[in-house]
Amino acid sequence: MKSGSNLEQVLTEGHFAVTSEIGPPKGTSADFVRKTAEHLKNCCDAMNVTDNQTAIVRMSSLAACAILRQMGIDAVTQMVTRDRNRLAMQSDILGAVALGIRNLLCLSGDHQKFGNHPTAKNVYDVDSIQLAQMVKTMRDEGLFMSGDKISGEVPIFIGCAANPFADPFEFRVLRLAKKIRAGADFIQTQAVFDVPRFSAWMEMVRDEGLHEQTHILAGIIPMKSAGMARYMRKYVAGLMIPDDLVTRMEHAQDAKEEGIAIAVELIEQMRDIPGVRGVHIMAVAWEEVVPEIVERARLLPRPIV
């Protein structure tokens, strides 16, 4: 079943896709979502909205995606299994479809001990792979996880995340294969800074033929400062930032300009790696820079499908 999402059409027609990301507000401002989306709407094919990222309470991804849909933007709602059981997740998926949301990214979520409610109870009724399988069953078989029949169709383009940099490295492709079997139509990876390691992962992906079974989008995070580079290298799990990039940021006369230049270079390198079908740009609280990065990477205008 075709989902009808713009992202699915861009990928299936063979274009190099661009997605971006919005972190919703720690409050109720729909205008915050709209203003952030205005920066991004002409330079990407779909926008992700994070789901209580880093386990900090924010406006729901589903509500923010509904605002994007009102703006005519293709939205990717993120869903973490940390906060919901299977009843709540299936209910939210039905609601997403009713609101015109056609993309869903299945995630486990950061542990709550890292957030602003560290004593909250997690749920993890299912994991991210089981969530993808659940959505696939809802879409392809018209059945809830219980086996009950769904009234109406569930046209969802299913996404999962992948981290090519976690250890043990040789298991990364096996985990990707599990997500593809579960139903992942597209994959968004952890941010790529270590291109040789990412290239080695992609070679393993191609050896298994997985690049022909899903659409892989490489993650890109533009760096604002040397401090940000050092912080991410030290504290963000699964990120590998080579010393030479940190040194470039430290010695740059204009750190933001250097961060943009590095992001553009990384995108250009991603385009040269067989099997990479696009990029996912995560400009953390710096969304206004995404159009410049996409333009300098020669990815404008975006295709009309």
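Taken together, the values in this text are just the output of simple stated rules run on the coordinates, not laboratory data. Keep in mind that this is a model prediction, so the values were computed, not measured. Counting neighbours? That spans all protein chains shown, and the Cβs are built from the backbone with ideal geometry, glycine included.
Observations, loosely collected:
- Residues of segment 1-30 with amide N under 15 Å of a point placed 7 Å along Cα→Cβ from R298: 16
- Kirkwood-type radius of segment 18-113, with distances r between different C-alpha atoms, in Å: 13.3
- In segment 1-66, the GluC sites (Glu not before Pro) that fall in loop regions by DSSP, at most 12 other Cβ within 10 Å: E13
- Whole-Hz ³J(HN,Hα) from phi, Karplus 6.51 cos²θ - 1.76 cosθ + 1.60, for segment 198-206, glycine and proline x: 5, 4, 5, 4, 5, 5, 5, 4, 5
- log₁₀ of I(q)/I(0) at q = 0.20 Å⁻¹ - segment 150-305, Debye sum with one point per alpha carbon: -1.30
- Taking the C-alpha atoms only, the angle from helix 86-98 to the longest principal axis of the chain is near 80 degrees.
- Farthest towards the positive end of the charge dipole of segment 210-305, among the residues A218, P242, A229, is the Cα of A218, using unit charges on the Cβ of Lys, Arg, Asp and Glu.
- For I281, the residues whose modelled amide H falls within less than 5 Å of its own, excluding neighbours fewer than 5 places apart on the same chain, are T19, S20, I220.
- When each of the peptides 133-141, 164-172 is scored by the mean number of other C-beta atoms lying within 10 Å of its residues, the order from highest to lowest reads 133-141, 164-172.
- In order along segment 106-122, the phi-based Karplus estimate (6.51 cos²θ - 1.76 cosθ + 1.60, θ = phi - 60°) of 3J(HN,Hα) comes to 8, 9, 7, x, 5, 4, 5, 5, 8, x, 9, 9, x, 9, 5, 8, 7 Hz; Gly and Pro are listed as x.
- Contour minus Cα-Cα distance for K26 and D243 (0.36 nm per residue): 74.7 nm
- At full extension, N85 and A261 could sit 59.1 nm farther apart than now, given 0.36 nm per residue minus the alpha carbon distance.
- Residues whose amide H comes within less than 5 Å of that of I216, counting only those at least five positions distant or on another chain, are I187, R277 (H built at 1.01 Å from N in the peptide plane).
- The phi torsions of segment 23-33, fed into the Karplus equation with coefficients 6.51, -1.76 and 1.60 and a -60° offset, translate into couplings of x, x, x, 8, x, 10, 7, 5, 5, 4, 5 Hz, rounded to whole numbers, with Gly and Pro shown as x.
- Rounded to 10°, Cα long-axis angle of helix 255-271 versus longest principal axis of the chain: 60
- Residue-averaged 222 nm ellipticity for the chain, from DSSP H runs of 4+ at -39500 (n - 2.57), nearest 500: -12000 deg cm²/dmol
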